[in-house]
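To start, the structure under review is shown below, and the notes come after it.
What follows is calculated from the coordinates using simple rules that are stated; it is not laboratory data. In this text, all values refer to a predicted model and were calculated from it rather than measured experimentally. As a convention, Cβ positions derive from the backbone with ideal geometry for all residues, glycine included, and neighbour counts pool all protein chains shown.
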Amino acid sequence: MTFNKGRGRTTGLYRKVFVKSFLKFIVVFAGILLLSVLLAPIFNGFLPYGFARVFNRIVMILAVLAVLIFVRFRKEMFVGYGLDLRKDSARLFWTGFLTVTLVLVAFTAVQILAGHATVLFRDMSSKRWLYKIFGGIAGAFLIGIVEEFFFRGFIFTSLRDKVLRGSPWIAMVATSLFYASLHFVSIRKPVISSDPGFVDGLKMIAAPLRSFANWQSVWPAFIGLFLFGMILNGCVVRTRSLYASIGVHAGAVLFIKMVGLFIAFQEANVFFWSTKKVYDGVLGWIFLCLVGMILSKFLKKADPLKTI
């Protein structure tokens, strides 16, 4: 009985620490948004981009600055969140990367054989081709590392170990729901005036509410992203490392960025066939499940004593 009470106090303490950290995150994020609303109209006057892009870039820059100011990067933090270098780190990464790439190539082949897609090279200059290819590679790896460190490293690990102790499946579902939801916060962009000001910045903050109000058009993609999130969480649970999930995420993003340069997808019956995004239709869900099945066979279950 004493042991159970002690464990309950420890669990309660972990939850309080997590809630306190989460509230601090909300306050800092709200400050970033407010400062972005003030700065976006100023920078919009001399930057060669649209107001929405200027606003998003300012939010990103301020978020990075906030991380540098408030987060103390220590070796123990990276180890605890699954970024410690191990002998099998490279193998885990390439297993995830090649598995998702080959499965998505098979997905595209099925689309072509069924007549839902055709090979069609984009008409661009060689300079533009190089920009697209190298930009796609850099973007894919950056997204893979940053998003996996945040969603699987920080969010999933914190939920599993500090809030829902002993309930990895609930933590997987919660993290995947959160991951899928964030992909729709800017799907419906607001109408911005020709001379953007403070009010236009506020419109950018309110834009996510408009996206979720149109839920009928986003639920197929939401399901696919939820499945993808569960696969990524499964990689972390199985390997107790982020490297396999980073490989899967980077490979999927790179495929989506590159396939549009070579393949043209039809817009008919998208609910079944999916688009180049893969995750927004029934066929895409099937191939995502195939990715998860293959990874469960190829990824060796890690020693439960390892950190993450």
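A few remarks follow.
- Ordering Thr99, Thr118 from the fewest to the most neighbouring beta carbons within 10 Å gives Thr118, Thr99.
- Partners for Lys203 among aspartates and glutamates (Cα-Cα distance below 18 Å; same-chain residues under 8 apart left out): Asp195
- Ranked His249, His116, His183, criterion: other C-beta atoms within 10 Å, fewest first: His183, His116, His249
- Restraint check, Lys257/Lys300; Lys127/Lys257; Lys87/Lys297; Lys87/Lys300, Cα-Cα greater than 23 Å: Lys257/Lys300
- Compared with the rule-of-thumb size 2.2 N^0.38 Å for a compact globular protein, segment 101-178 has a Cα radius of gyration ratio of 1.66.
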